[in-house]
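Encoded as structure tokens, the structure appears first; notes follow it.
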């Protein structure tokens, strides 16, 4: 229980001046006697003086003291469970007061105010700003923040996550914004920077080492649980939450980042500079820019790269969405190279597809040229399958196609028409009709139909029933040879003779 300072002062006055006992003070001030006891102990009264009668906790006091000395940050609730397992029968609320009485007091640490030279240091961190809704997908909205320690100039940009590619891109964007790079960059012990740490022995992330080597800066993770060592960035993130993000309206990530850039250049840059309040942060930044390391001619390649396998359909699956590729890439392993704006798909070093990136999910993003080419190939394949079927079922059709080609006729239309005739009239009738047409100069499907319809009229038969087969190549391309029914006729005749 926390009480006002005025009440603490009154407790001490009543005890030392008026000589009131603990319980009298508690009764008069409407406080629990344990609260009064705690204030008096903190005020210099020996706790042994309050032991007027035995307590059920007495047998466990030594255990409590030893446990608190060994594990000073152990919670009173956990310690209560431990003594309860050892036979303690008291309540948890009173036990908490007992633990507070014996818990060692930690001395407060004093910190020196850190000062740096212009261009010497920058501090980097992520800030979590809720969720980013992209259609059906929800992603973490993360703010990449870099602060120049001397001028306090802020760089702010939002990304749909805190993955390594976004972390690298944040550095590239920040260095471009500042027009240079600080000599030292301070970080928390992020996995993007530190893979493993044992005291001062640090195993750095190899990709981050490449980034540092490219821009010639030194990566310096702060000590564990020492956020004060990069307090400028911590305060900057709080400032961003209050001054920039609260109540802000934006349409998408690009709009949010556009507003963030304007905020960095105006409101954040126009605040007073702490080292000299007659100047602004922006003015101090113009001085510090001269001391930053010059940037290399090329940017560090901060992109996502992953290997994908193209299955039976011409699409590459990447980051919850499917991106089309040419049909010739089916069955291959391709490389996806992605930025915040673009998804490039490579076959070796050759780019085979490029798409605008989507952060939605379950989307099918297609290049119209890929689909058109696939349709053309499928149509050509369908025509070839049709020719094969006609060649097998209607042998005379080969000569008809040769004759039609000499006349410049559309062979695709002829193929489609003959297949429909074959489905309607059957193999034997179609073959006879094609043979008869070949005796004339006609090469059109209509001529074949005229012959078939004439034969039906001569036989006094009705027109055939059109059969619509399922759109399944196993059925559409199936050819069945008609079998002779003479055996059935013979059996029928034998039955009559008997």
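Over the chain, what portion of Cα pair distances is larger than 41 Å, expressed as a whole percent?
Looking at the chain, the distances longer than 41 Å represent 59 percent of pairs.
Mind ordering 27-36, 446-455 by average Cβ neighbours within 10 Å, highest first?
446-455, 27-36
If you take the Cα Rg of the range 121-291 and divide it by 2.2 N^0.38 Å, with N the number of residues, what do you get?
Dividing the Cα radius of gyration by 2.2 N^0.38 Å gives 1.03.
To make sure I understand, if each residue's beta carbon is the centre and we count other beta carbons within 10 Å, what order do 298, 367 fall in, fewest to most?
298, 367
Just need the relative contact order of the chain here, percent rounded to a whole number, with Cα pairs under 8 Å and 6+ apart.
Relative contact order of the chain: 9 percent.
Taking N as the number of residues in the range 58-190, what is its Cα Rg relative to 2.2 N^0.38 Å?
Working it through for the range 58-190, the quotient is 1.73.
Under the classification rounded if a/c is under 1.5, otherwise prolate if a/b is larger than b/c and oblate if not, where does the range 304-366 fall, given a ≥ b ≥ c as square roots of the Cα gyration tensor eigenvalues?
Cα axes put the range 304-366 in the oblate bin.
At a 10 Å Cβ-Cβ cut-off, how would you order 176, 278, fewest neighbours first?
So the ranking, lowest neighbour count to highest, is 278, 176.
Using r as the Cβ-Cβ distance of residue 61 and residue 183, and R0 as 60 Å, what FRET efficiency do you calculate, to the nearest 0.05?
According to the calculation, E is roughly 0.60.
What ranking, highest mean first, results for peptides 72-85, 385-398, 154-167 when packing means the other Cβ atoms within 10 Å averaged over each residue?
154-167, 385-398, 72-85
Fewest Cβ neighbours within 10 Å first, please rank 273, 250 accordingly.
So the residues, fewest neighbours to most, are 250, 273.
Quick one: Debye curve from the C-alpha atoms of the range 343-464, no solvent, what's log10 I(q)/I(0) at q = 0.22 Å⁻¹?
Each listed q corresponds, in turn, to -1.24.
Readers should treat all values here as calculations from the given coordinates under stated rules, not as data from a laboratory. All figures in this text were calculated on a predicted structure; none of them were measured in a lab. Heads up, the Cβs are rebuilt from the backbone with ideal geometry, glycines too, and the neighbour counts pull from every protein chain shown.
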